[in-house]
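Novice: Sharing a structure, written as structure tokens. Questions coming.
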Amino acid sequence: MLTLNQLDELLHKSACDYEIIRHNEPILKTEDADKYFDSSKAAPAFIIKTENGFVALIVSAQNGKIDFKKTGSNIGFATFRLADRLDVKRATGYETGSVPLIGHNLPCFIDKKLLDFDYVYGGTGDSLHTLKINPENIVSLLDGKTVEISKKEVV
């Protein structure tokens, strides 16, 4: 687990293009995010349970509902589902909803759509701070694999 200062130091030493944005209250929904940044560029980090353990999946908020089963199958996993709160805490040290983009120490899959943006916004591990970062920096720092995300069919 990284503290906010450790995250800042890591990003600075890695010459990342980033900013840590402070807010007065936690961001719990889109309306909260819109007060501080363009929520269409949000990049939540989901912790996924697979047959090989846990992985992080960083996606574009523009995807809407994600078809986790199909996305997992496309990446090569037979089991690919959201981890429960206890597993998230156990795997990352962070509470659900506060998992940072950088610092969770899990293998990472990153939505290709995020590379269309100059910057994306995501967690820092601190509910009162958001990370604004160039998505290429996420890929390089995490040695992440970019993937296509499958959306759920709306019936």
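Every number here is computed from the coordinates shown, using simple stated rules; none is lab data. Because the structure is predicted, anything quoted here is derived from the model rather than measured. Here Cβ is always computed from backbone atoms with ideal geometry, including for glycine, and neighbour counts include all displayed protein chains.
Novice: Tell me the label only: which of [x] 56, 37, 24; [y] 56, 41, 24; [z] 38, 31, 28 is Cα extents along the principal axes in Å as calculated from this structure?
Specialist: Derived directly from the coordinates: [z].
Novice: Then there is this: Enumerate the calculated ³J(HN,Hα) couplings along region 112-118 in order (Karplus 6.51 cos²θ - 1.76 cosθ + 1.60, θ = phi - 60°), each rounded to whole Hz, writing x wherever the residue is Gly or Pro.
Specialist: 4, 4, 5, 6, 6, 9, 5
Novice: From the phi angles alone, apply the Karplus equation (6.51, -1.76, 1.60; θ = phi - 60°) to region 97-108 and give each ³J(HN,Hα) in whole Hz, x where the residue is Gly or Pro.
Specialist: x, 10, 5, x, 5, 10, x, 8, 6, 10, x, 10
Novice: Using a 7 Å offset from Cα along Cα-Cβ at Leu128, what residues in region 1-39 end up with backbone N under 13 Å from the label point?
Specialist: 4, 22-27
Novice: Considering amide H positions built from the backbone, and no H for Pro or chain starts, which residues 5 or more places from Lys152, or on another chain, come under 5 Å of its amide H?
Specialist: Lys65, Ile66, Asp67
Novice: Take Leu131, Leu141, Leu11 and order them by how many other Cβ atoms sit within 10 Å, fewest up front.
Specialist: Leu141, Leu11, Leu131
Novice: Amide H of Thr50 versus every other amide H placed in the peptide plane: which residues, excluding those fewer than 5 positions away on the same chain, fall under 5 Å?
Specialist: Val55
Novice: Checking the table Lys13/Lys49; Lys70/Lys113; Lys13/Lys69; Lys49/Lys145; Lys35/Lys145; Lys49/Lys113 against a 28 Å threshold on Cα-Cα, which pairs fail?
Specialist: From Lys13/Lys49; Lys70/Lys113; Lys13/Lys69; Lys49/Lys145; Lys35/Lys145; Lys49/Lys113, over 28 Å: Lys13/Lys49; Lys13/Lys69; Lys35/Lys145.
Novice: Which far-off residues, 5 or more places away or on another chain, put their amide H under 5 Å from the one on Thr146, with H placed in the peptide plane?
Specialist: Residues meeting the criterion, in which the H sits 1.01 Å from N, are Ile110.
Novice: Counting Lys +1, Arg +1, Asp -1, Glu -1, what net charge surrounds Asp8 among other residues with beta carbon under 14 Å of its beta carbon?
Specialist: Around Asp8, the surrounding residues sum to -1.
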